[in-house]
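Comments concern the structure below.
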Amino acid sequence: MRKSFLLLVLVLLPIDSALHAQGSISHAQITSFISQFSNNDSKVRLDAFYGLLDLTSSFNITANSYSIPEQTTTLLALAPSSDTDTIRLALINLLSQENVLVHASNQSFTGEQVLSEEYTDYYADLINVVVTLQDSRSIPALVGAITSGGTAVGALAAFGNASITAVLQQLSTSNEGVRGFATLTLIQMLDSTNFPKLSVPTIFGLQSGLIKAASFPESYIAVEAGKNLQQLDSKRVAVEIDIKPGRGVPSTINLTSKRKIPVAILSTPSFNALSIDTSTLTFGHTGYEHSLVSCNRHGEDANSDGLLDLVCHFSVSQTGFKVGDSKGILKGIAGTPGPVLFAGSGAVRIIDNHCDREEDDDCEDLEPRNR
């Protein structure tokens with residue numbers, strides 16, 4: 001019994017000593033390191049960064065980068081509660097500051113190594129620390145580090161709803177690398193861990209971003225964006241639509257018409273068309289055309305089955321239809337229950353007829369004039 005007790009004491013002593021050492025973190029120690037984060041000398045900032053993390057470690061953290069997430073969590077847990085937010089914001093601001101230096105170095109790169117290996121390791125560690133914070137306030141700083149790749153990209157993808165706007169903005173930059181990594185971030189939002197957390201507006205933004213990236217001149221970006229746009233489409237359920245309800249099949253659409261194209265999205269016992277987020281509706285040649293003009297949100301029974309359907313109107317000039325098209329495609333997202341992506345199509349006949357009797361519905365059914 002006594003032997004067991006002695007063994008227990010011997011085991012607990014090192015643990016208690018370590019906790020005591022870690023628990024001695026003071027406000028003064030924390031502020032002494034954070035105050036150096038604004039120093040113009042990057043070496044001073046680097047030493048202050050590791051010094052802050054080393055407050056909870058008996059070894060030099062630079063020797064084991066894999067301990068950084070654990071050390072960051074421990075630092076926040078053992079720091080005075082009044083200092084935890086200060087630490088978070090200081091680390092986020094430090095990354096923003098280092099981003100400026102890294103970007104400047106990249107722009108002035110002439111073939112020689114501008115940043116030391118020590119600094120690049122520090123920059124990577126700093127990104128890992130900021131990612132560990134899981135703080136949405138870090139999104140601008142992580143966007144600034146997006147070309148660093150994996151860690152920053154993965155974190156931005158995981159933020160999803162909070163980061164989508166900032167990521168989409170990067171698709172408009174002239175920097176090929178930034179646009180490429182922004183596209184990769186959108187692609188990672190599609191994975192099985194991130195996608196279920198996305199809201200309807202985020203999914204629609206993700207779709208719009210992939211469409212834009214698929215048109216980039218850099219083929220390696222465009223091809224991947226196109227592939228993942230198809231992956232997004234694979235998540236859609238099929239719905240039935242009626243283009244120009246009551247006018248027969250195929251529906252004739254005159255490219256010169258100023259009229260709007262009515263499209264009924266039909267409800268079923270398992271799909272309520274009135275749950276559709278109408279801001280996500282696109283219709284036309286590919287189904288991605290932003291041609292929506294208006295919808296009757298109150299619904300109407302377009303096919304006399306006793307269920308209210310959603311009837312929307314689309315601008316002919318924005319549909320992208322061409323003479324010879326035989327199908328009109330509609331895509332969108334229903335908001336309840338949960339985001340439901342859907343698509344539907346209907347037969348069309350496209351004509352280009354400069355009709356003088358625009359007020360007459362039958363005018364669109366005339367054959368094109370010989371010129």
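The values are calculated or read from the model by the stated rules, or taken from the named source; none is laboratory data. Computed from a predicted model, the values in this text were never measured in an experiment. All Cβ positions, even for glycine, are placed from backbone atoms using ideal geometry, and neighbour counts span all protein chains on display.
Listing for the model above:
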| quantity | calculated |
| --- | --- |
| Single condition SER65 does not satisfy, out of (1) at pLDDT 55 or above; (2) under 22 Å from ASN99 (Cβ atoms); (3) out of contact with any Gly (no Cβ under 9 Å at 6 or more places or on another chain) | (1) |
| Scope segment 236-259; condition touching a Phe, Trp or Tyr at 6+ places or on another chain (Cβ under 7 Å), under 14 Å from ILE350 (Cα atoms) and in a strand (DSSP E or B); matching residues | ILE253 |
| Failed criterion for GLU118 (all others in (1) surrounded by 13 or more Cβ atoms within 10 Å (Cβ to Cβ); (2) within 30 Å of GLN29 (Cβ to Cβ); (3) touching a residue at least 24 places away in the same chain (Cβ under 8 Å) hold) | (1) |
| Residue satisfying condition, being closer than 30 Å to GLU300 by Cα and charged (D, E, K, R), within set LYS212, LYS227, LYS235 | LYS235 |
| Elements of type helices (runs of 4 or more DSSP H) contained in segment 77-152, each with 1 or more residues being under 21 Å from LEU168 (Cβ atoms) and at pLDDT below 95 | 84-107 |
| Residues satisfying the stated conditions in segment 323-335, i.e. among the β-branched types (Val, Ile, Thr) and more than 19 Å from CYS312 (Cα to Cα) | VAL323 |
| Candidate set from segment 238-254 (those that are hydrophobic (A, V, I, L, M, F, W, C) and surrounded by 18 or more Cβ atoms within 10 Å (Cβ to Cβ)); member that is farthest from ASP325 (Cα to Cα) | VAL239 |
| Search result, residues across segment 181-234 that are of a type in the set (D, E, K, R) and either assigned to a helix (DSSP H, G or I) or assigned by TED's automatic domain parsing to the domain that holds ALA334 (or both) | LYS197, LYS212, GLU224, LYS227, ASP233 |
| In segment 157-203, the residues that are among the polar types (S, T, N, Q) and within 14 Å of ALA145 (Cβ to Cβ) | SER163, GLN170, ASN175, THR185 |
| Residues that are without any contact (Cβ under 8 Å) to a residue 24 or more places away in the chain and either among the aliphatic types (A, V, I, L, M) or in contact with a Gly (Cβ under 6 Å, 6 or more places away or on another chain) (or both), drawn from segment 180-226 | ALA214, ALA222, VAL223 |
| Checklist (1) aromatic (Phe, Trp, Tyr); (2) surrounded by fewer than 12 Cβ atoms within 10 Å (Cβ to Cβ); (3) at pLDDT 50 or above applied to PHE59, failing item | (3) |
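Here's the yes/no breakdown for (1) of a type in the set (Phe, Trp, Tyr); (2) closer than 22 Å to SER32 by Cα; (3) in contact (Cβ under 8 Å) with a residue 60 or more places away in the chain:
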{"position": "ILE68", "(1), (2), (3)": "no, yes, yes"}
{"position": "THR86", "(1), (2), (3)": "no, yes, no"}
{"position": "LEU95", "(1), (2), (3)": "no, yes, no"}
{"position": "LEU142", "(1), (2), (3)": "no, no, no"}
